[in-house]
Amino acid sequence: MSDCLFCKILDGEIPCDRVYENEHVIAFRDVNPQAPTHVLVIPHQHISTVNDLTEENKNIVGEMMLAAQAVAKQEGIEETGYRLIMNCNEGAGQTVFHIHLHILGGRIMRWPPG
Ligand code: AMP
């Protein structure tokens, strides 16, 4: 998608601080971190929101989760804990319409998240 910020990051058109990648996903640090570790995992494939997941593309979510697990280990937060978030649509706080998994860690997380 030519007007998608995260597609531009995938293409290298916009720089990012990449911390992990494989054939399915990349992970990079959020520019506006909400915790000492705040990394985003995005699929190569453009999928706008969680509402656009289907039987055909559902496996990407498992790949995103496994990538998050690898990033958590890499960041040394797998034992202390981390939160995984996918916002769906504006009301939930989604601002970039290419699905992404937030990995937040390195501090105590509160609940409810607000
Ligand atoms: P969401 O609000 O769930 O759609 O999350 C989008 C996230 O992307 C926000 O946390 C932003 O801080 C982050 N973000 C926006 N632009 C960039 C960028 N160029 N590089 C890294 N993170 C970004």
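Things to note:
- Normalised by the number of residues in the chain, the mean separation of alpha-carbon contacts (under 8 Å, six or more apart) gives a relative contact order of 30 percent.
- Taking the number of Cβ atoms within 10 Å of each Cβ as an exposure proxy, the fewest-first ranking of Tyr82, Tyr20 is Tyr20, Tyr82.
- Value of relative contact order over region 58-114, rounded to a whole percent, pairs C-alpha under 8 Å and six or more apart: 34 percent
- Approximate spin-label separation Glu78-Ser48, in nm, with each point projected 7 Å along Cα-to-Cβ: 3.7 nm
- Helical mean residue ellipticity (222 nm; -39500 (n - 2.57) per DSSP H run of 4+; nearest 500) of the chain: -6500 deg cm²/dmol
- Relative exposure of Glu13, Glu63, Glu56, judged by other C-beta atoms within 10 Å (fewest first): Glu56, Glu13, Glu63
- The charge dipole of region 5-105, taken about its Cα centre with unit charges on the Cβ of Lys, Arg, Asp and Glu (plus for the first two, minus for the last two), comes to roughly 220 debye.
- Here the Gaussian network model covers the chain, with springs between Cα atoms less than 10 Å apart; of Ile85, Ile103, Ile26, Ile85 fluctuates the most.
- Computed from the Cα positions only, the extents of region 5-105 along the three principal axes stand at 33, 30, 29 Å, in decreasing order.
- Farthest toward the positive end of the dipole of the chain, out of Gly93, Ile26, Thr49, is the Cα of Gly93, where the dipole comes from beta carbon charges about the Cα centre.
Throughout, read-outs are computed from the coordinates displayed, never taken from laboratory work. Owing to the predicted nature of the structure, the values given are computational and were not obtained by experimental measurement. A quick note on method: Cβ atoms are made from the backbone with ideal geometry, for glycine too, and the neighbour counts reach across all protein chains shown.
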